[in-house]
Amino acid sequence: MRLYLVLLSFVCCAAQAAGFTGENTISSIHQRECAGDKGLEIMLAAPHKNPDGCNDPIVIDVACAAANYQSILTLSLSALAADKKVDYWVSGCDVHGQAKVITAMIKK
């Protein structure tokens, strides 16, 4: 029983690491149909730090149902238009292997 609990604690802790993607520029933004697990796709110019080890190290996803969806969209579009770097906080991977965006910030 003790071994089971020890192993379970490692699985729980490793499931979602979360963290920043690192400063990067946006290559493109693609608004999908907001159905199921299809939201706003943001393609970065270079691979991100990928703290959760998602399959796709270039494209990240913002869920349409996220409470701060409009803020992340506005910030991302502003960064793309101004050619500024963005650093996203991501947590977990979606069914497409893309990191799920939680927050974002523009860098000078």
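Observations, loosely collected:
- Label-to-label distance, H96 versus S27, with points set 7 angstrom from Cα along the beta-carbon direction: 1.4 nm.
- Solvent-accessible area per residue for the chain (1.4 angstrom probe, square angstrom): 59 Å²
- Tensor-based shape of the chain (alpha-carbon gyration tensor, a/c under 1.5 rounded, otherwise prolate or oblate): prolate
- Accessible surface of the chain, 1.4 Å probe, proportion on carbon and sulfur as whole %: 60 percent
The values are calculated or read from the model by the stated rules, or taken from the named source; none is laboratory data. What you are looking at is a predicted structure, and each value in this text was computed from that prediction instead of being measured. Neighbour counts run over all protein chains shown; Cβ positions are idealised from the backbone, glycine included. Areas reflect the complete protein model, heavy atoms only, side chains present, ligands, DNA and RNA absent. Shrake-Rupley method; radii C 1.70, N 1.55, O 1.52, S 1.80 Å.
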